[in-house]
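Have a look at the structure below before the remarks.
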Amino acid sequence: MRTFLTLIAIASLSPAEDACLKEAPQADTQQGAPHGIGLIDVNQDGRQDVVVDQIRPSGINIFMTDAKGGLTGDYNKMLGTRMGPNWGMAADVDGDGFRDFCQMDNNSTKLTVYKGSKGKLGGGSETDLGVGWPIAGWFHDMNGDKRPDFIVVGWPDPVVDKTPGRLKVMLGPTLKESFALNIPECGAVVAGDVTGDKKPDVITSDQKGSILLVYPGAGNGLFAKDAIQVKLDEGGANLKPNGMAIADLDGDKALDLAIACEEQQFVRVLKGDGKGGFVKLMDIVTARKAKFVVTGDFNGDKNVDLACGACVVQANATWSVTIQLNDGKGAFTQNCEFTGKGNFHRYSAAVGDYDGDKKDDLVVAVINEDEGSGSVRRYLSKK
């Protein structure tokens, strides 16, 4: 099915002159509501292209970047996919040096990998996940073989496979299960060494209890079944921790977390102690319910900044994306904000050097108010 592409001039919010990012013309899908998004040099021309998965119609939509930095429809095509893609990201799954696009389907409960190769993106190998309704995933080398492995979490699915909500680790490149644990209401999931033993750990959240769960890793793809538990709100408020980012945010060489708390209007920044524990560092207030948070160096100062997305999924909805600059010690200040009509999800943003200036840029997949179309928004670093 052919998807049309239109370039539309931006007439919304104009950030301040000192804004570290500028908004480029958006690419309108016209057909299909985009969900997950990734940056991949599909045709190996040295320029990052934009890949999204979408519904109504379902498919993988490829937007090619031309020599002037615009998105062109000449090579725009749809790769077939299942009915309910609800998550997508780019990663080099098989370790061959080419980025692949990975998409999870909440109807079939499968992971589909569209393999990147020289000059194209294709294939579509499927793997049964067995985690219930898959909602979030993360790629990281969990067993020390220098190949990416897949960590996935899902909610209970009483319809398709009767599976309770689960956390699962699947070792690449064959995605063989190495660890699984039932967790009824997971939020996002990330991985990294947060316990200081140089072995990657799995970090997820219990949305119902607003609890952070850290599963220490053994370095071989196995993990402790008893989690280190960190209460995200001592007062018992339902934060609904959802989108999550992991990085050293304060320069102490210990990994920290930033968590989009969907039932609140803030992103909570947690300082890691290097032993699996976390304490609140600060809350970054958002204009609407926090949906996603991703990391990048958006102003080129070598500090890890945050892009925070917020929206409310309802009629006449509006969204907001803010860039929060880091002072290097874990204190964040808003630099600029972009807004529009529609909504997005916790997996609807990706960061990378889109325009080749060696600075991080941001792309966001936005669903229009009609829920049947959408756009790719690009926020590029200033030259």
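Things worth noting here:
- In region 96-147, of all residues being of a type in the set (S, T, N, Q) and in a strand (DSSP E or B), the one that is surrounded by the most Cβ atoms within 10 Å (Cβ to Cβ) corresponds to 103.
- The selection criterion, being of a type outside the set (Gly, Ala, Ser), touching a residue at least 40 places away in the same chain (Cβ under 8 Å) and closer than 30 Å to residue 179 by Cα, holds for residue 246.
- Residue within region 5-20 that is of a type in the set (D, E, K, R), surrounded by fewer than 19 Cβ atoms within 10 Å (Cβ to Cβ) and either under 21 Å from residue 113 (Cβ atoms) or modelled with pLDDT of 60 or more (or both) present: yes
- Among residues of region 69-120 being within 21 Å of the chain's Cα centre (by Cα) and basic (Lys, Arg), the one that is modelled with the highest pLDDT is 99.
- When restricted to residues that are closer than 27 Å to residue 316 by Cα, more than 17 Å from the chain's Cα centre (by Cα) and part of a strand (DSSP E or B), region 240-282 contains 1.
- Of 196, 217, all but one fail to be farther than 20 Å from residue 134 by Cα, buried (at least 24 other Cβ atoms within 10 Å of the Cβ), in contact with a Lys or Arg (Cβ under 8 Å, 6 or more places away or on another chain) and touching a residue at least 60 places away in the same chain (Cβ under 8 Å); the exception is 217.
- Lone qualifier among 224, 260 - being free of Cβ contacts under 8 Å to residues at least 60 places away in the same chain and hydrophobic (A, V, I, L, M, F, W, C): 224
- Restricted to strands (runs of 3 or more DSSP E) entirely inside region 289-383, those with at least 3 residues that are touching a Ser or Thr at 6+ places or on another chain (Cβ under 9 Å) and surrounded by fewer than 22 Cβ atoms within 10 Å (Cβ to Cβ) are 318-326, 332-341.
- Boolean, residue 206 is modelled with pLDDT under 90, surrounded by fewer than 23 Cβ atoms within 10 Å (Cβ to Cβ), in contact with a Cys (Cβ under 8 Å, 6 or more places away or on another chain) and not polar (S, T, N, Q): yes
The values are calculated or read from the model by the stated rules, or taken from the named source; none is laboratory data. The structure displayed is predicted, hence computed values, not measured ones. Ideal geometry is used to build each Cβ from the backbone, glycine not excepted, and the neighbour counts take in all protein chains shown.
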